[in-house]
Amino acid sequence: MTKLSVSILTFNEERNIGRCIESVQGIADEIVVLDSFSTDRTREICAHYGVRFVEQAFLGAIEQRDLSMRVATFDHVLCLDADETPSAELAASILAEKAKGFPSPGYTMNRLSLLCDTWIHHGTWYPDRKLRLVKRDLATVGVINPHERLQLAEGLRPVNLQGDLLHYSILTIDEYVAKGNKYSTIAARAMFDVGKRAGVWNLLWNPLLAFLKTYVFRLGFLDGFHGYVIARQSAYQTFLKYAKLRQLGRS
């Protein structure tokens, strides 16, 4: 049977890493954690589970993900963040493909994210399809700010697996707001660096469009209170992104 490495990125992930490791023990022939010198109990927890633990100062989102594939032993790699776990159905889908020798060059999976105590099934949060299982010589790491992403070589197409990648992303509203502020800064800088600028119209229209897309067109209202929170935060984060871009253009 074809061997599978599971490679996990960490930095101060003591609240998540144990759950992540346990979720892949049944599908992995190797679990390797690439850690950016955590200062919490991440290393200790990884030692308890007996996984390979590699330390590397953070090189950047693209570089760190690329390294996480290169330090893996086997050619087929499932790339995870510490706050992600495959559902039972997804794990079964991976095992089925593993038994066939992973005939596809890559596999996508729908990511189902948690906001506070609620799984979000609509809006722009789901299906948040991710390419995470690849034959590493056929994949590279690109970026859509503020996140990196895996991509297959030109002309290759992935297969989407049944089941969800469970994403324990945000546990409090405060955490959600803080992430929105951080990501809007990264996105604004990326837009500025490629020559984009923001006018008053962007500050008025784009946040409204973000709200309508999330809450109405993508049925976010079906997620109730949390769907409304996401739509409002999406609009606010969009406003921040263009406000920061406008400020950069004036400095």
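Taken together, the values in this text are just the output of simple stated rules run on the coordinates, not laboratory data. None of the values given here were measured: they were computed from a predicted structure. Note: ideal-geometry Cβ built from the backbone for every residue, glycine included; neighbour counts use all protein chains shown.
Here are the numbers for this structure:
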read-out: Under 5 Å, built H, 5+ apart or other chain: amide partners of VAL33; value: ILE8, ARG52, PHE53, VAL54
read-out: Relative contact order of the chain, pairs being alpha-carbon contacts under 8 Å that are 6 or more residues apart, as %; value: 18
read-out: Most positive-pole-ward Cα, LEU209, ILE173, GLY249, against dipole of segment 173-250 from beta carbon charges; value: GLY249
read-out: Relative packing of 177-185, 2-10, which averages over residues the other C-beta atoms within 10 Å, highest first; value: 2-10, 177-185
read-out: Alpha-carbon gyration tensor eigenvalues x 5, square-rooted, for segment 173-250, Å; value: 24, 14, 8
read-out: Kirkwood Rh in Å, taken over the chain so that all alpha-carbon pairs contribute; value: 19.4
read-out: Near-label residues of segment 16-33 by backbone N, under 20 Å of a point 7 Å along Cα→Cβ of THR39; value: 16-17
read-out: Estimated [θ] at 222 nm from DSSP helical runs (n ≥ 4, -39500 (n - 2.57)) normalised by residues in the chain, nearest 500; value: -12500 deg cm²/dmol
read-out: Rounded to 10°, Cα long-axis angle of helix 61-70 versus longest principal axis of the chain; value: 10
read-out: Packing rank of 193-199, 110-116, where each peptide gets the mean count of other beta carbons within 10 Å, highest leading; value: 110-116, 193-199
read-out: Mean separation of Cα contacts under 8 Å (6+ apart) over length of segment 173-250, as relative contact order %; value: 47
read-out: Inter-probe distance in nm under a simple model that places probes 7 Å from Cα toward Cβ, at ARG250 and PHE11; value: 3.1
read-out: Extension gain (nm, one decimal) between LEU95 and LYS3, 0.36 nm per residue minus Cα-Cα; value: 32.1 nm
read-out: Extension gain (nm, one decimal) between TRP201 and ARG70, 0.36 nm per residue minus Cα-Cα; value: 42.7 nm
